[in-house]
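None of the figures in this text is laboratory data; all of them are computed from the coordinates on show. These numbers were taken from a predicted model, which means no experiment stands behind them.
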Amino acid sequence: MASTPLTPAEIAAALPTLPGWTHERDALAKEFKFADFRAALAFMVRVGFEAEAMDHHPDWTNVYNRVAIRLNTHDAGGKVTAKDVALARQIEGLATAR
């Protein structure tokens, strides 16, 4: 069963609860900056475990101490769903716990 995309109003309502996240090109997006590569990689590993547990995986890139994350749901036509908001909240928790 496909996930249901959120409406623009639902996305706008969720963004204030996700500091620094934006809605761009049909995805929730944020770039995280760390002290060094090791810290960035450790963050990615922690996020990876959370994403796998949710069976919802980010599109991301890593360059040295930066990790850029984009979240959307493939089975919703590449749109933002509640799954993306939930994973973004998990990611924020991991980022603030560092």
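Here are some notes:
- Diffusion coefficient of the chain by Stokes-Einstein, Kirkwood radius over Cα pairs, 20 °C, 1.002 mPa s: 158 µm²/s.
- Relative contact order of the chain, pairs being alpha-carbon contacts under 8 Å that are 6 or more residues apart, as %: 34
- Each residue of region 3-19 was assigned a 3J(HN,Hα) from its phi angle through the Karplus curve 6.51 cos²θ - 1.76 cosθ + 1.60 (θ = phi - 60°); the sequence is 6, 9, x, 6, 6, x, 5, 5, 5, 4, 5, 7, 4, x, 8, 10, x Hz, with glycine and proline shown as x.
- Space enclosed by the convex hull of the alpha-carbon atoms of region 1-54, per residue, Å³: 113
- A straight Cα-to-Cα reach below 18 Å connects K79 with the aspartates and glutamates E10, E24, D26, D55, D59, residues fewer than 8 places away in its own chain not being considered.
- Ellipticity estimate at 222 nm from DSSP helix runs (n ≥ 4, -39,500 (n - 2.57)) divided over the chain, nearest 500: -13000 deg cm²/dmol
- Karplus (6.51, -1.76, 1.60) ³J(HN,Hα), θ = phi - 60°, over region 35-46, in Hz, Gly and Pro reported as x: 5, 6, 4, 4, 5, 5, 5, 4, 4, 4, 5, 4
- Each residue of region 58-74 was assigned a 3J(HN,Hα) from its phi angle through the Karplus curve 6.51 cos²θ - 1.76 cosθ + 1.60 (θ = phi - 60°); the sequence is x, 8, 8, 9, 9, 10, 6, 9, 10, 10, 9, 10, 10, 10, 8, 10, 4 Hz, with glycine and proline shown as x.
- Part-to-part distance (alpha-carbon centres) for region 53-98 and region 1-29, which is given in Å: 11
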